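Enquirer: Input: one structure, supplied below.
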Amino acid sequence: TPVDYIIVGSGPGGIITADRISQAGKSVLLLERGGPSTGQTGGTYQPNWAKGTSLTKFDIPGLFESMFTDANDFWWCKDITVFAGCLLGGGTSVNGALYWLPSDNDFSTQVGWPQQWTNHQPYTAMLKARLPPTDAPSKDGKRYLEQVSNVVADLLIPQGYRNVTINDSPNAKDHVYGYSAYDFIGGQRGGPVATYLQTALARPNFKLQLFTNVLNVVRNGSQITGVTTNDTSVLNGFYPLNPNGRVILSGGSYGSARLLFRSGIGPPDMLSIVANDPVAGPNLPPQSQWINLPVGFNVSDNPSINLVFTHPSVDAYDNWADVFTDPPAADAAQYLANRSGIMAQASPRLNFWSALGASDGVTRWMQGTARPGAASVTTTLNYNASQMFTITGYLSAGIKSRGRLGINAAMNGMPLVNPWLVDPADKSTLIQGLNNIISTVSLVPGLQLIMPDNTMTMAQYVDNYDPATMDSNHWVGSNIIGTKAGEAVVDVNTKVFGTNNLFVVDASIIPSLPYGNPHGTLMSVAEQAAAKILALAGGP
Ligand code: 6FA
Ligand code: ABL
């Protein structure tokens, strides 16, 4: 049966939009290519130590680092060459869940938002009311494995940093540090799946359908009539819209770009790849109806560099190696008993920001995330692995570098031009920021920097850094919002230029990286986008 709105993809963008639009009484079909995630949604992938409960890997925050080390990693999209979650909740079911309320600057015209978007506060307030952040996720209110917080605070205080509750003052992003904040709820993964999705599911006019991969939108010129899916139980896999209905793409920065290509929207080189594909080609509209928009350009992601240290006070928690298979028995028991302890939090323990002057006169910001353990260590120094911890330095707001994403001949999503440190002032500023971080190591007794080791300068370390590990998984900009068709992909109402009824609401429309890990900003974007779409005339 036809619906008012088809929303493609159940990441944070799709879920929040679906909830708000169904709340307004419209019929909404949310299509997700992947399967369930948390126990509440019917997920069943759980560690043996949680057998007999409904807790899955996706519920238990302390299992976060095991997302990257599990041989059975079915949650990653296998047709995208960078990390992307292909399951209910998208990235928010597998990510570190660091959650920052956006600052005013994150929505300023200076960073590329149209004037109509700068008043984000009402939407951010709606988000905060539905999904409040917490920097004490353990249900007993205590903090665990906090040695890293203390050591890194000792490192930063001599540099003039002050301690704040980060989400109490989102605009303060210079020389501040605070406890890591999350969208965990009651010691479990919360996010949009546990909140917005649940209110949507309670409405008769909302339907969620899993394991349904949308291949393309079906359009006649500028009018979209529905979507083609892999669902063989309906004719041609076709899901129709009501006469004034709308499609909203929320497939993520790679997923939505590919959907546009497969629908005849994007640069000609990408559309030619689709045209040559034996399966996707025949679904393309005729070339006379192709819409040339800069889909995949203007992409950015934070370049991130790991610094690894040791300190005698630090417990590296066995580098999280056995949390899924065989965690410390007392920690598992504590978590199962009352959702408390080390298992109630993902790996980060402290976050910090500072503003950095740059050679081109444009300020950039640096974010740091500190956690016990390390993803990898290369060093000539002897070190005690049970005492190691990582500070990841991310170049954040103010980045000038841009790259491009697209598809290859197999139609896998991938970066075509890497977005990291293309701009020379981005690079020199990042190096400066990293050097600042380590400038006070000698003031903290027992603290040792083991990577980079003493055989190289920070500049050499950054120069030789493997670009694949500079990826922060914070892709934005591939369907950039703006006021002009040639320069942007979606207009101020998030409607794809050249179409009557096709929209994009996900990380891809964000013009520039926010100060922090982006999903908090994105969820405010989704609140605002849903309001603008509902207010736009001509809809169902
Ligand atoms: N962001 C934060 O703010 N804090 C973090 O700690 C954080 N950590 C990570 C992280 O550890 C990893 C490994 C990754 C990959 C990302 C992290 N991020 C973090 C970034 C954050 O998760 C993303 O910015 C955010 O999830 C983006 O939300 P979107 O709504 O834009 O897109 P998603 O990729 O989340 O969801 C897209 C959904 O659409 C998926 O469920 C996918 O299966 C579905 N989909 C895609 N194409 C489809 C199609 N053709 N048909 C049907 N469904 C489709
Ligand atoms: C994020 O926002 C990043 O996207 C993730 O990369 C990051 O997690 C989380 N937040 C938490 O800070 C890191 C893990 O801690 C590493 O162990 C892992 O190697 C890396 O992601 C992979 O990108």
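The values are calculated or read from the model by the stated rules, or taken from the named source; none is laboratory data. What you are looking at is a predicted structure, and each value in this text was computed from that prediction instead of being measured. Because the Cβ atoms are built from the backbone with ideal geometry, glycine has one as well, and the counts that use them run over all protein chains shown. With ligands, DNA and RNA removed, areas are computed over all heavy atoms of the protein, side chains included. Shrake-Rupley method; radii C 1.70, N 1.55, O 1.52, S 1.80 Å.
Enquirer: Could you work out the helix-only [θ] at 222 nm for the chain, with each DSSP H run of four or more residues adding -39,500 (n - 2.57) and the total divided by the number of residues, to the nearest 500 deg cm²/dmol?
Expert: Dividing the helical sum by the residues of the chain leaves -6000 deg cm²/dmol.
Enquirer: Output ³J(HN,Hα) for segment 408-416: one whole-Hz value per residue in order, computed from phi by the Karplus curve 6.51 cos²θ - 1.76 cosθ + 1.60 with θ = phi - 60°, and x for Gly and Pro.
Expert: Coupling constants for segment 408-416: 9, 4, 7, 6, 7, x, 6, x, 9 Hz.
Enquirer: Of all the Cα-Cα pairs you can form in segment 13-75, what percent are over 15 Å apart?
Expert: 61
Enquirer: May I pose another question? Could you calculate, for segment 459-505, the ratio of the Cα radius of gyration to the Kirkwood radius, expressed as Rg to Rh?
Expert: Expressed as Rg/Rh, it is 1.29.
Enquirer: Rounded to the nearest 10 Å², what accessible area does Thr363 show when all protein chains are kept and the probe is 1.4 Å?
Expert: So the heavy atoms of Thr363 present about 60 Å² to solvent.
Enquirer: Order Thr499, Thr378, most accessible first, counting only protein heavy atoms with a 1.4 angstrom probe.
Expert: Thr378, Thr499
Enquirer: I would also like to ask the following. Taking the 0 to 90 degree range and rounding to the nearest ten, how far is the long axis of helix 121-130 tilted relative to the main principal axis of the chain, both from C-alpha atoms?
Expert: Value to nearest ten degrees: 80.
Enquirer: Which entries in the list Lys173/Lys495; Lys173/Lys427; Lys128/Lys427; Lys207/Lys484; Lys51/Lys139; Lys26/Lys484 go over 23 Å, if you measure between the two C-alpha atoms of each?
Expert: Listed pairs above 23 Å: Lys173/Lys495; Lys128/Lys427; Lys207/Lys484; Lys26/Lys484.
Enquirer: I would also like to ask the following. Can you give me the long-range amide H partners of Leu30? Hydrogens built in the peptide plane at 1.01 Å from N, cutoff under 5 Å, separation of 5 or more residues or another chain.
Expert: Ile7, Lys207, Leu208, Gln209
Enquirer: Short version: ³J(HN,Hα) in whole Hz for each residue of segment 79-92, in order, from phi by Karplus 6.51 cos²θ - 1.76 cosθ + 1.60 (θ = phi - 60°), x for Gly and Pro, what are they?
Expert: Those phi angles translate into 10, 10, 7, 10, 5, 8, x, 10, 7, 4, x, x, x, 6 Hz.
Enquirer: Taking Cα atoms, how many degrees apart are the long axis of helix 252-262 and the longest axis of the chain, rounded to 10 and kept between 0 and 90?
Expert: 30
Enquirer: With a 1.4 Å probe and all protein chains left in place, how much accessible area per residue does segment 358-495 have, in Å²?
Expert: Normalised by residue count, the accessible surface of segment 358-495 is 40 Å².
Enquirer: Quick one: what are the phi-derived ³J(HN,Hα) couplings along segment 143-149, Karplus 6.51/-1.76/1.60 with θ = phi - 60°, whole Hz, x for glycine and proline?
Expert: 10, 10, 6, 9, 4, 4, 4
Enquirer: If you don't mind, there's one more thing I want to ask. Probe radius 1.4 Å, ligands and nucleic acids left out: which of Tyr182, Tyr383 has the largest accessible area, and how do the rest follow?
Expert: Descending order: Tyr383, Tyr182.
Enquirer: Something else about it: Hey, got the dipole for the chain? About the Cα centre, +1 on K and R Cβ, -1 on D and E Cβ, debye to the nearest 20?
Expert: Approximately 1300 debye in magnitude.
Enquirer: From the protein chains alone at 1.4 Å, what is the descending order of accessible area for Lys26, Lys78, largest first?
Expert: I get Lys78, Lys26, largest accessible area first.
Enquirer: Quick one: Debye curve from the alpha-carbon atoms of the chain only, equal weights, vacuum; give me log10 I(q)/I(0) at q = 0.12, 0.13 Å⁻¹ to two decimals.
Expert: Values returned for q = 0.12, 0.13 Å⁻¹ are -1.13, -1.31.
Enquirer: Further, regarding this structure: Could you quote the convex hull projected area for segment 192-321, Cα atoms only and averaged over all directions, in nm²?
Expert: Mean projected area for segment 192-321: 13.7 nm², to one decimal.
Enquirer: Let me ask something else about it. Farthest toward the dipole's positive end in the chain, which of Gly85, Ser313, Gly393, given Cβ charges of +1 (Lys, Arg) and -1 (Asp, Glu) about the Cα centre?
Expert: The one lying farthest along the dipole's positive direction is Gly85.
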